[in-house]
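The values are calculated or read from the model by the stated rules, or taken from the named source; none is laboratory data. Since this is a predicted model, take the numbers as computed values, not measurements. Note that each Cβ is placed from the backbone with ideal geometry, even for glycine, and that neighbours are counted across all protein chains shown.
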């Protein structure tokens, strides 16, 4: 079996589900630590800061530091850093997105922003939509943290950040630029942070449509674990194929 020099690991459905650690996940991450293989926890969740994500992982027992967490918010900030003409941003989102954008040095404003960035916002209002719409009409680029239209919760599915971005896009008559999984741009930035080449890294996740597709588009090998969204039956019928597939992460360590 190929030996990988780095791992990009999804969270919900891969390491934990709700408030429960998925069997084998803790052992998997600790094994990477023991073998001194670098890894990043890669998530589309834009609402939390890396430290908040790491704190949650530590509560579950995972060895996790903020530097090992890479979010779609951080990827959006990195994308904006590559745009020389972007100095100001209007944000529709929560703490994690605000922190990533402001720490990257951008001014947050609703007065003729250079870009409008939309993440999950559980306090979304018509007023926020209007300000985003006006910014785009004035020439701002519309950027979405990720295209997920729905997200799983204990109450079933809730509207995801993609539904907010697409609603604003429909009103403004533009196409949003999505950054998070399955877009290859977040994978490029994650590799940059991990310090590995794409042929040295394995992408681990439970969702063919986001985690695995992101790895495929990014030119990386992928490991699908059947502990979350994608079932073996779904995988058989999909055009998206993972390099490897296992029932649980302990199977990969054998």
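Considering 173, 180, 195, the condition of being at positive phi and in contact with a strand residue (DSSP E or B) (Cβ under 9 Å, 6 or more places away or on another chain) is satisfied by 195 alone. Here residue 76 meets the list (1) surrounded by 23 or more Cβ atoms within 10 Å (Cβ to Cβ); (2) over 18 Å from the mean Cα position of the chain (by Cα) almost entirely, failing just condition (2).
Scanning the stretch 210-224 for residues that are crowded, with 17+ Cβ neighbours inside 10 Å and either out of contact with any helix residue (DSSP H, G or I) (no Cβ under 9 Å at 6 or more places or on another chain) or within 17 Å of residue 4 (Cα to Cα) (or both) gives 210, 211, 212, 213, 215, 216, 218, 220, 221, 222, 223, 224. Does the stretch 112-125 contain at least one residue that is closer than 12 Å to residue 91 by Cβ, buried (at least 20 other Cβ atoms within 10 Å of the Cβ) and without any contact (Cβ under 8 Å) to a residue 40 or more places away in the chain? Checked against the condition, which is being closer than 12 Å to residue 91 by Cβ, buried (at least 20 other Cβ atoms within 10 Å of the Cβ) and without any contact (Cβ under 8 Å) to a residue 40 or more places away in the chain, the stretch 112-125 yields at least one hit. When every residue of the stretch 226-241 is checked against the conditions, none turns out to be within 18 Å of residue 3 (Cα to Cα) and either in contact (Cβ under 8 Å) with a residue 24 or more places away in the chain or touching a helix residue (DSSP H, G or I) at 6+ places or on another chain (Cβ under 6 Å) (or both). Filtering the stretch 25-52 to residues that are part of a loop (DSSP other than H, G, I, E, B), in contact (Cβ under 8 Å) with a residue 60 or more places away in the chain and within 30 Å of residue 159 (Cα to Cα) leaves 44, 45, 46, 47. Consider residue 160 carefully, then state whether it is touching a helix residue (DSSP H, G or I) at 6+ places or on another chain (Cβ under 7 Å) and crowded, with 17+ Cβ neighbours inside 10 Å. The answer is no for residue 160. Of the residues examined, residue 42 is one that is surrounded by 20 or more Cβ atoms within 10 Å (Cβ to Cβ) and either closer than 29 Å to residue 144 by Cα or at pLDDT 95 or above (or both). Selection within the stretch 1-20: residues that are surrounded by fewer than 15 Cβ atoms within 10 Å (Cβ to Cβ) and under 18 Å from residue 227 (Cα atoms). The member of this set that is modelled with the lowest pLDDT is 18.
Can residue 4 be described as in contact (Cβ under 8 Å) with a residue 24 or more places away in the chain and over 19 Å from the mean Cα position of the chain (by Cα)? Here the answer is yes, as residue 4 does meet what is asked.
Every residue, every condition in (1) under 16 Å from residue 44 (Cα atoms); (2) at pLDDT 95 or above, yes or no:
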position: 128; (1), (2): no, yes
position: 140; (1), (2): no, yes
position: 143; (1), (2): yes, yes
position: 151; (1), (2): yes, no
position: 155; (1), (2): no, no
position: 165; (1), (2): yes, yes
position: 175; (1), (2): no, yes
position: 182; (1), (2): yes, yes
